[in-house]
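Q: Please read through the structure below; I'll follow up with questions.
What follows draws every value from the coordinates through simple rules; no lab data is involved. The structure displayed is predicted, hence computed values, not measured ones. Cβ atoms come from the backbone with ideal geometry, glycine included; neighbour counts cover every protein chain shown.
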Amino acid sequence: MASGDAEMAVFGEAAPYLRKSEKERIAAQNKPFDAKSSVFVVHPKESFVKGTITSRESGKVTVKTEGGETLTVKDDQIFSMNPPKYDKIEDMAMMTHLHEPAVLYNLKERYAAWMIYTYSGLFCVTVNPYKWLPVYNPEVVLAYRGKKRQEAPPHIFSISDNAYQFMLTDRENQSILITGESGAGKTVNTKRVIQYFATIAASGDKKKEDKSSGKMQGTLEDQIISANPLLEAFGNAKTVRNDNSSRFGKFIRIHFGATGKLASADIETYLLEKSRVTFQLKAERSYHIFYQIMSNKKPELIEMLLITTNPFDFPFVSQGEITVPSIDDKEELMATDSAIDILGFTADEKTAIYKLTGAVMHYGNLKFKQKPREEQAEPEGTEVADKAAYLMGLNSADMLKALCYPRVKVGNEYVTKGQTAQQVHNAVGALAKALYERMFLWMVVRINEQLDTKQPRQYFIGVLDIAGFEIFDFNSFEQLCINFTNEKLQQFFNHHMFVLEQEEYKKEGIEWTFIDFGMDLAACIELIEKVKIIIALKDKLQLVSSCDFFQPMGIFSILEEECMFPKATDTSFKNKLYDQHLGKSSNFQKPKPTKGKVEAHFSLVHYAGTVDYNITGWLEKNKDPLNETVIGLYQKSSVKTLALLFANYGGADAAEASAGGGKKGGKKKGSSFQTVSALFRENLNKLMTNLRSTHPHFVRCIIPNETKTPGAMEHELVLHQLRCNGVLEGIRICRKGFPNRVLYADFKQRSDFILLLDHLFHLK
């Protein structure tokens, strides 16, 4: 066995999926190759193809492609090919000729050989294989342990181990940012990072942990891994691009003790897509949990929740597809059920989780009609309400009365307000979404309580898995929030990779011409988030134009301002956007009408492309108003978990409204008045502060094709991702800069050792 193959033997059956065999490498070296005539050429359909130059004359080059075509192009449309020794190279920054086609074909050829991980300078690129590969087996985990990046093939485990070693040697918190478009494999790679740490840094206190708490089931390692099935059941769904898409972002902090043993973990979540609870597009599905329950794998749940096994009986969960070929809902239900137990939820809490999920489904069947000659709704029967109220520990008649005749506060008194059938329908949807979201956030809090072992924490490694950039046919408020998050993360990446890198040279006194990489995202970020600034004037009598008083507000600020005006509409919001930004910001554009596509109201030029947004219903989504009389009933529910979920909503007012009380109640500050966008920005700022306090490691996930075909790669799709996610720029600065740096103390230590050896050698 060749020496290289012997080294790879420790990886077991994963070896051929991680690195080429010695035999293959020798064969590649001996392949005939003409450096002058072998080129990549621009192609109208395939972006770039391989070819051989047949002639050159007056700035034009004729190339015969591998496919047998003859193309005549300009000089600047051909790119030199790398010698065969660079075939399927593990770090693309090492290539002699570094350009788009070289990077594309290296990824393509590695992907065709099922080598899905590749380094590109300072970070790792992974291409979604759309099939199971043996590259995460236990022996693979052990093989990466303690190895420097250059000592082993590219892998998510290598990134994880390096972060772990850096944490211990540099005594600095680390973060691993796993980013990419929806469907690129972020969640799978996040799971693998957790698997790695749970294996290599196991606390070893298994028996002790089990005895320490009556509630806790399983070890901390089990619990960190078990958090995934539960969060996925309630937070993941099928989208157009991805069968198992996270519809929320998460930052998982894994805490370690001073010696590097696993101490505890916690999870922060961002922006659960609530709208999916009551609405899905045709090719999409709601959250997995609904279909898991209806799979009938646990028939006692069907009986307990008073539901059927047919999703079409429940309008909230059957507007799109109801099955996903790649997901076995029966099997997933057992994983979810088991995770609830491992994570230490009590029997009552577990029952409440299922009952409240069932109640959300029943809410979609509540029907109301308009009273004759009145602007007032009344229930169409009570059967559905009886089921929902039973599951929620409420009185059915009280619930229906609260929906049709809510009590609202006018001054210090409460009055009963009539509701139309449409208003009641809207209120039911809002309550279902709020209930689902609060239950999801409560589960995260409970998971964090269980993951907190009270062991001393010294450092953490944070793993960020956040919804990738989204450009759909229909883009709403949720897409703007997701895309804005990605814009911020890209700016963080640019700053870390490009600005800090160059500042380091300046500090060291290295002669360096600063490079403008043309990746400044400030204009788009400012356009979305800029807050209103009033300029103070020294002389109040001075006449100035209105634009001197106010800077243009960002989209979120305009949206939040509109939410304060009772008479604001989608149209008034759109008009304000156009007044402040159209023609003044190059990132804000009027959308071009497209046949067969839903109307768009404005376009934003993001780093990843231009996105058309539809603003219908944004004011309602952002205000997120709830029927406080119904909330008051929730707060007194016999289902303790439901009462807990809404305990902090609206202080005493909501409870008084349901009881018909007239006393003045004390509202908790901001409990029901903070807009969705303001809360989102607050959370995002916390995340960015967290990230800036760590040493980051970047993993870029790539979608290879739109059809989920294993091994196939669509050139333009992949190039688009490489251009807009910084991969090509990252390689370029790595080549132009100094990617290998050694601290002076380390360098001196090594130099002294070499001098000592030299001295001893001469003594001999």
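Q: Distance from a point 7 Å along Cα→Cβ of residue 383 to each backbone N in the stretch 287-306: keep the residues under 16 Å and list them by number.
A: So the set is 306.
Q: Compare the peptides 397-405, 594-602 by average per-residue count of other Cβ atoms within 10 angstrom and give them in order, highest first.
A: Descending mean neighbour count gives 397-405, 594-602.
Q: Over all directions, how big on average is the projection of the convex hull of the alpha-carbon atoms in the stretch 39-125, in square nanometres?
A: If I average the Cα hull's projected area over directions, I get 6.0 nm².
Q: When Rg is the radius of gyration of the Cα atoms in the stretch 143-188 and Rh is its Kirkwood radius, what does Rg/Rh come to?
A: 1.03
Q: Right, next: Roughly what angle does helix 421-451 make with the longest principal axis of the chain, taking Cα atoms, 0 to 90 degrees, to the nearest 10?
A: 50 degrees
Q: Further question: Just report the Cα centroid separation between the stretch 558-605 and the stretch 146-195, whole Å.
A: 40 Å
Q: In whole Å and largest first, what semi-axes does the C-alpha gyration tensor of the stretch 262-360 yield when each eigenvalue is scaled by 5 and square-rooted?
A: They are 23, 18, 14 Å, listed largest first.
Q: Calculate for the chain the 222 nm mean residue ellipticity that helices alone would give, adding -39,500 (n - 2.57) per DSSP H run of length 4 or more and normalising by residue count, nearest 500 deg cm²/dmol.
A: -13000 deg cm²/dmol
Q: Within the stretch 556-571, which residues have the backbone N less than 19 Å from the label spot 7 Å out from residue 598 along Cα→beta-carbon, could you tell me?
A: Counting backbone N atoms under 19 Å from the label point, the list is 570-571.
Q: Calculated FRET efficiency, residue 712 and residue 503, Cβ-Cβ r, R0 45 Å, to nearest 0.05?
A: E between residue 712 and residue 503, to the nearest 0.05, is 0.60.
Q: Suppose the chain between residue 346 and residue 564 were pulled fully straight at 0.36 nm per residue; how much longer would it get relative to their current alpha carbon spacing?
A: Result: 74.3 nm gained on full extension.
Q: Okay, moving on. Per the Kirkwood formula on distinct C-alpha pairs, the Rh of the stretch 681-732 is how many angstrom?
A: Hydrodynamic radius (Kirkwood, Cα pairs) of the stretch 681-732 is 13.5 Å.
Q: Moving on to the next point. So, in nm, how far is label residue 279 from label residue 64 when the simple model puts each one 7 Å beyond its Cα toward the Cβ?
A: 5.9 nm
Q: Pulled fully out, how much extra length does the chain show between residue 324 and residue 412, if you take 0.36 nm times their separation in residues and subtract their Cα-Cα distance?
A: Once the chain is fully extended between residue 324 and residue 412, it gains 26.4 nm.
Q: Kirkwood Rh, Cα Rg: Rg to Rh for the stretch 349-400? Present the calculation step by step, with values, prior to reporting the outcome.
A: Values: Rg = 12.8 Å, Rh = 11.8 Å.
Ratio of gyration radius to Kirkwood radius: 1.08.
Q: In terms of the ratio Rg/(2.2 N^0.38 Å) built on C-alpha atoms, what value belongs to the chain?
A: Numbers: Rg = 29.4 Å, N = 764, 2.2 N^0.38 = 27.4 Å.
That ratio works out to 1.07.
Q: Scaled to the compact-protein estimate 2.2 N^0.38 Å, what is the alpha-carbon radius of gyration of the stretch 333-484, rounded to two decimal places?
A: Dividing the Cα Rg of the stretch 333-484 by 2.2 N^0.38 Å gives 1.40.
Q: Here is a further query. What fraction, in whole percent, of alpha-carbon pairs in the stretch 403-529 exceed 26 Å separation?
A: Above the 26 Å cut-off, the stretch 403-529 has 60 percent of its Cα pairs.
Q: How far is helix 220-235 tilted off the main Cα axis of the chain, in degrees rounded to 10, range 0 to 90?
A: Tilt of helix 220-235: around 60 degrees.
Q: Turning to a different aspect of this structure: Going by Cα centres, the stretch 1-50 and the stretch 230-289 are how many Å apart?
A: 37 Å
Q: Next question, about the same structure. In whole Å, how far is the Cα centre of the stretch 89-125 from that of the stretch 436-470?
A: Each part reduced to its Cα centre gives a spacing of 34 Å.
Q: Output the 0 to 90 degree angle, nearest 10, between the alpha-carbon long axis of helix 744-763 and the longest principal axis computed from the alpha carbons of the chain.
A: 30 degrees
Q: Now for a different question. Mind checking the full-extension length gain between residue 689 and residue 113? Use 0.36 nm per residue of separation minus the Cα-Cα distance, one decimal, nm.
A: Gain in length upon complete extension: 203.4 nm.
Q: How far is it, in nm, from the label point at residue 74 to the one at residue 199 when both lie 7 Å from their Cα along the line to the Cβ?
A: 5.2 nm
Q: Could you give the spread of the C-alpha atoms of the stretch 105-189 along their three principal axes, from largest to smallest, in whole angstroms?
A: Principal-axis extents of the stretch 105-189 (Cα, largest first): 38, 28, 23 Å.
Q: Further question on the same structure: When the label point is put 7 Å from the Cα of residue 638 along its Cα-to-beta-carbon vector, which residues of the stretch 371-410 have a backbone N closer than 11 Å?
A: Backbone N within reach: 390-396.
Q: Follow-up question, since we're still on this one. Place +1 on the Cβ of every Lys and Arg and -1 on the Cβ of every Asp and Glu in the chain, take the dipole about the Cα centre, and give the residue among 84, 482, 244 whose Cα lies farthest towards its positive end.
A: Working it through, the farthest residue towards the positive pole turns out to be 482.
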